[in-house]
């Protein structure tokens, strides 16, 4: 049976590249899905995987010199086919500086300043996508996030129908048990075992341990995920891995 080793990681810009490289040398994924990827680090991952990486910018990050673009990326050991980029928030051709909203006790990114995209690609017959859904204060399901998730799902469902299946990976900023997660889970199966209660690495995340499962491996019934695991010590979010096969 044909199968692929998948890794999906929110790498938090360039902060953890040494850790990420060490992990990838150990795991050796067939397909690598990245979130919060700095544009300047694209050559690093292309050299590692030996192939062109498809990149979708989200915003210009204020913490980076010269407002470095950050976004999502998709790359495989071999050339991917039918690669497409679809924005469900913004248009992507002119990323803007990220803005922040502040309340009395919390600071969070302004989602209207960030573009969000799904990158789709086919590798060895499997259709795979990655994304980064907008963040919300304290993991709440806001009307803006729910509307974004609905547009994301429309694109994902159409692509899954065309391709006969889909694995959608990424940082969804939608904790289990909340409305945005439930909206996604109504259409795609949650491939992360229920025994995992957080995908935040409390030792590396600036806010410490947070009991939010926000990173996901969502798939259609035509695909089967085997040995899905989370790995600490890679970035501020855990790395997600699985073996993808046909159901």
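The values are calculated or read from the model by the stated rules, or taken from the named source; none is laboratory data. Small disclaimer: the values here were computed from a predicted structure and weren't measured. Reconstructed Cβ throughout: ideal geometry from the backbone, glycine too, with neighbour counts over all protein chains shown.
Given the conditions (1) crowded, with 19+ Cβ neighbours inside 10 Å; (2) in contact with a strand residue (DSSP E or B) (Cβ under 8 Å, 6 or more places away or on another chain), which single one is not true for residue 180? The failed condition is (2).
Across segment 223-238, the number of residues qualifying as touching a residue at least 60 places away in the same chain (Cβ under 8 Å) and out of contact with any helix residue (DSSP H, G or I) (no Cβ under 6 Å at 6 or more places or on another chain) comes to 7. Residues being out of contact with any helix residue (DSSP H, G or I) (no Cβ under 7 Å at 6 or more places or on another chain) and part of a loop (DSSP other than H, G, I, E, B): count how many of those fall in segment 51-69. Total satisfying the criteria: 8.
Condition check for residue 158 on (1) surrounded by fewer than 23 Cβ atoms within 10 Å (Cβ to Cβ); (2) within 17 Å of the chain's Cα centre (by Cα); (3) closer than 22 Å to residue 115 by Cβ: one failure, at (2). Just checking, does segment 202-220 include any residue being surrounded by 17 or more Cβ atoms within 10 Å (Cβ to Cβ), assigned to a strand (DSSP E or B) and free of Cβ contacts under 8 Å to residues at least 40 places away in the same chain? Checking segment 202-220: not a single residue is surrounded by 17 or more Cβ atoms within 10 Å (Cβ to Cβ), assigned to a strand (DSSP E or B) and free of Cβ contacts under 8 Å to residues at least 40 places away in the same chain.
Tallying residues that are assigned to a loop (DSSP other than H, G, I, E, B) and within 23 Å of residue 58 (Cα to Cα) within segment 12-47 yields 5.
Being modelled with pLDDT of 95 or more, in contact with a strand residue (DSSP E or B) (Cβ under 7 Å, 6 or more places away or on another chain), surrounded by 22 or more Cβ atoms within 10 Å (Cβ to Cβ) and assigned to a strand (DSSP E or B), is that true of even one residue in segment 77-88? For segment 77-88, residues modelled with pLDDT of 95 or more, in contact with a strand residue (DSSP E or B) (Cβ under 7 Å, 6 or more places away or on another chain), surrounded by 22 or more Cβ atoms within 10 Å (Cβ to Cβ) and assigned to a strand (DSSP E or B): absent. Those residues that are within 18 Å of the chain's Cα centre (by Cα) and either closer than 20 Å to residue 179 by Cβ or crowded, with 17+ Cβ neighbours inside 10 Å (or both), I need them from segment 221-230; list them, please. Those that are within 18 Å of the chain's Cα centre (by Cα) and either closer than 20 Å to residue 179 by Cβ or crowded, with 17+ Cβ neighbours inside 10 Å (or both): 225, 228, 230.
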